[in-house]
1. Quick check on my filter: what residues within region 109-132 are part of a loop (DSSP other than H, G, I, E, B) and either open to solvent by less than 70 Å² (accessible area, probe 1.4 Å) or under 12 Å from residue 64 (Cβ atoms) (or both)?
2. Please go through (1) open to solvent by 70 Å² or more (accessible area, probe 1.4 Å); (2) more than 11 Å from the chain's Cα centre (by Cα) for residue 137 and return the number of the only condition it doesn't satisfy.
3. I need the full set of residues from region 98-112 which are hydrophobic (A, V, I, L, M, F, W, C), more than 12 Å from the chain's Cα centre (by Cα) and modelled with pLDDT of 95 or more, in order please.
4. Filter region 97-108 for residues that are part of a loop (DSSP other than H, G, I, E, B) and loosely packed, with under 15 Cβ neighbours inside 10 Å and give the result.
5. Which ones in region 152-164 are in a strand (DSSP E or B) and either exposed (fewer than 14 other Cβ atoms within 10 Å of the Cβ) or of a type in the set (A, V, I, L, M, F, W, C) (or both)?
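The values are calculated or read from the model by the stated rules, or taken from the named source; none is laboratory data. Just so it is clear, the model here is predicted, and its values are computed rather than measured. Here the Cβ is made from the backbone with ideal geometry for all residues, glycine too, and neighbour counts use every protein chain on show. Accessible surface areas use protein heavy atoms only, side chains included; no ligands, DNA or RNA. Shrake-Rupley method; radii C 1.70, N 1.55, O 1.52, S 1.80 Å.
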Amino acid sequence: MNRRAPLALAAGLTAALALAGCSSASSASSSSSDSSANPSANAPQLKVSGGYMPRPVGDLAAGFLVVTNSGGAADKLTSVTSDISDDITIHSTENQKMRKVKSFDIPADGELNLARGGNHIMFMGLKQQPEQGQKVGIELHFEKADPIKVELPVKEINYNPAQR
């Protein structure tokens, strides 16, 4: 038996219990753009990479990915949809406390990094239990850019690319 399995299970249960402490709050931020120059230079140019979902524990799961904006205008991630759940929210994590937010900023010529221990996508009330090796389809919705469809590979429960 894998010696890490009890730790991984405990970590998953801790995450589930932490959800009870999530509060509704909104991310307040504004962005402005100057549309007098080249319109394409003032448009967000988004690309998604590094996405994954650790194997869920119970009916909860988290999703992580990086959205890179190579464009000259900022954008915001406003929501996520998927067939796997009707209750998907985006959460910020500050001082080890999660809170639901309305959006995440994606700066011009910058990135939004959703990573373990930080900001993330939260899937609640899963309709099915994806297994390691499967892929979960999601669609990211933005304030300005068109939606982007992404497939998140399901990884082992304690997967963390930062530790690889």
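1. Of everything in region 109-132, those that are part of a loop (DSSP other than H, G, I, E, B) and either open to solvent by less than 70 Å² (accessible area, probe 1.4 Å) or under 12 Å from residue 64 (Cβ atoms) (or both) turn out to be 115, 116, 117, 118, 119, 125, 126, 130.
2. Unmet condition: (1).
3. 106, 108, listed by residue number.
4. Correct list: 107 only.
5. 152, 154
Residues are listed down the side, and each one gets a yes or a no for (1) modelled with pLDDT under 95; (2) farther than 18 Å from residue 150 by Cβ; (3) among the aliphatic types (A, V, I, L, M); (4) open to solvent by 30 Å² or more (accessible area, probe 1.4 Å):
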site: 8; (1), (2), (3), (4): yes, yes, yes, no
site: 25; (1), (2), (3), (4): yes, yes, yes, yes
site: 38; (1), (2), (3), (4): yes, yes, no, yes
site: 44; (1), (2), (3), (4): no, no, no, no
site: 50; (1), (2), (3), (4): no, no, no, yes
site: 68; (1), (2), (3), (4): no, no, no, yes
site: 81; (1), (2), (3), (4): no, no, no, yes
site: 95; (1), (2), (3), (4): yes, yes, no, yes
